[in-house]
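The values are calculated or read from the model by the stated rules, or taken from the named source; none is laboratory data. Values in this document were obtained by computation on a predicted structure and should not be read as measured data. Cβ coordinates were reconstructed from backbone atoms using ideal geometry, including for glycine residues, and neighbour counts include every protein chain displayed. SASA here: full protein model, heavy atoms, side chains in, ligands and nucleic acids out. Shrake-Rupley method; radii C 1.70, N 1.55, O 1.52, S 1.80 Å.
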Amino acid sequence: MAEALLHCLLNGAIVATSDARISPLDRGFLFGDGVYEVVPAYNGKPFRLEAHFERLLFGLDALEIVNPYPRARWAALVHELIAANGGGDMGIYLQVARGAGKGRDFLPEPHIKPTVFGFCWRLATPKPELLRRGISAAMLEDIRWQRCDIKTVALVGPVMLKIEAKRRGADEAILVRGDRLAEGSSSAVFVVKEGRIATPPASHERLPSITRLVVGDVLDALGLLLDVREVRRDELFAADEIWIASSTREALAVALLDGKAVGRGKPGPVWRRVFDEFQKLKQREAS
Ligand code: PLP
């Protein structure tokens with residue numbers, strides 16, 4: 001559980017999380033009309049913050065919401081939020097909703113002031129047991145919309161998918177659109193077969209994952225090639241390894257897919273190299 005720490009960011013000020021209030025007419029609440037980011041911080045330092053800002057600005061632009069702050073102000077606010085909560089390793093949530101209008105109209109009123117909210121939580125590194133055992137995934141049909149490249153707060157699709165995955169005893173849903181791999185319900189997906197690593201390309205069906213880029217850097221550092229190409233559903237069942245990647249989970253190995261062993265049914269050797277190198281890269285960038 002990502003329990004919120006004591007201080008949050010609300011419209012440019014750091015306030016007590018328990019005192020933060022927004023209007024019930026906020027379009028983020030009524031329509032899911034807004035975008036968000038989740039940024040990991042290690043040792044009090046946000047990791048790949050610029051890439052997260054780029055994606056936030058892309059989403060704001062796509063929804064035609066005015067970016068409330070210049071880049072430097074955004075960065076200063078993130079640092080204030082981290083400092084107010086005592087630094088260390090944390091997950092940071094940043095949300096920009098279109099704001100509250102005078103009532104409820106699908107078409108936004110012009111010149112609404114966006115609502116900016118941010119909070120953070122302690123980020124625990126995955127337990128050794130999870131790293132040893134790997135996670136389990138369920139393959140589900142992607143029921144989300146056609147603009148999954150926008151990190152919008154309208155997340156009821158992934159919520160339903162996560163509930164279904166849990167009902168099937170799985171930690172994550174791996175989503176397919178017909179015969180093709182889309183992505184995880186909250187992660188990028190990689191497959192390995194006979195030493196070849198593949199991940200699907202960017203498209204409107206997938207979030208441009210920042211951790212996917214980090215894994216790309218890790219693979220470069222290891223001298224391993226990455227095939228960026230569509231991945232078929234049957235390749236997932238035939239894979240030697242599957243990994244999921246996201247900002248708060250880094251790269252985790254999937255040991256079971258729909259209850260069947262992936263490869264040998266435990267985290268594989270390529271994942272192990274990636275995981276170790278990921279830790280080194282993180283430490284370098286956080287020091
Ligand atoms: N895909 C989806 C649908 C996600 O929700 C997430 C993260 O929450 C990711 C991929 C991974 O993105 P990132 O690596 O930027 O955290």
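Seen from every direction in turn and averaged, the convex hull around the alpha carbons of the range 7-122 projects onto 6.8 nm². The heavy atoms of R147 present about 90 square angstrom of accessible area, all protein chains included, probe 1.4 Å.
Return the FRET efficiency for the residue pair A13, Q279: r is the Cβ-Cβ distance, R0 is 41 Å, and the value is rounded to the nearest 0.05. Don't skip to the answer; put the middle values down first.
Numbers: r = 36 Å, r/R0 = 0.87.
With R0 = 41 Å, the Cβ-Cβ based efficiency is 0.70.
For the chain, the relative contact order works out to 19 percent when only alpha carbon pairs closer than 8 Å and six or more residues apart are counted.
How would F237, F31, F275 line up by accessible area, probe 1.4 Å, largest first?
F237, F31, F275
Bridge orientation summary for the range 128-286: considering DSSP beta bridges with both residues in this region, about 65 percent are antiparallel. In terms of overall dimensions, the C-alpha atoms belonging to the range 173-265 reach 31, 29, 24 Å along their principal axes, ordered largest to smallest.
Note on the chain: along the principal axes its Cα atoms extend 57, 42, 31 Å, ordered by decreasing extent. Only Cα pairs under 8 Å and 6+ residues apart enter the sum, and on that basis the relative contact order of the range 156-240 stands at 29 percent.
Y93 sits with roughly 40 Å² accessible to a 1.4 Å probe, with DNA, RNA and ligands left out of the calculation.
A simple packing score, the average count of other Cβ atoms within 10 Å per residue, orders the peptides 211-217, 127-133, 3-9 as 211-217, 3-9, 127-133, with the highest score first. With the simple model of a label 7 Å out from the Cα in the direction of the Cβ, A154 to K260 spans 3.5 nm. Within the same chain, lysines fewer than 8 places from K45 are excluded, and of the rest, those with a Cα less than 24 Å from its Cα are K127, K151, K280, K282. Gain on full extension, evaluated as 0.36 nm per residue between E109 and A286 minus their Cα-Cα distance, stands at 59.5 nm. From the largest down, the range 128-286 spans 36, 31, 28 angstrom on the principal axes of its Cα atoms. The heavy atoms of H79 present about 90 square angstrom of accessible area, all protein chains included, probe 1.4 Å.
Taking a straight line from the alpha carbon of K266, these aspartates and glutamates sit under 18 Å away, with near neighbours fewer than eight places off in the same chain left out: E129, D171, E172, E194, E235, D240, E241, E250, D258, D276.
With an 8 Å cut-off on Cα pairs and a minimum separation of 6 or more residues, tell me the relative contact order of the range 7-122 in percent. Kindly include the intermediate steps, with their values, before the conclusion.
On the way: 193 pairs, mean separation 45.4, N = 116.
Averaging sequence separation for qualifying contacts and normalising by length gives 39 percent for the range 7-122.
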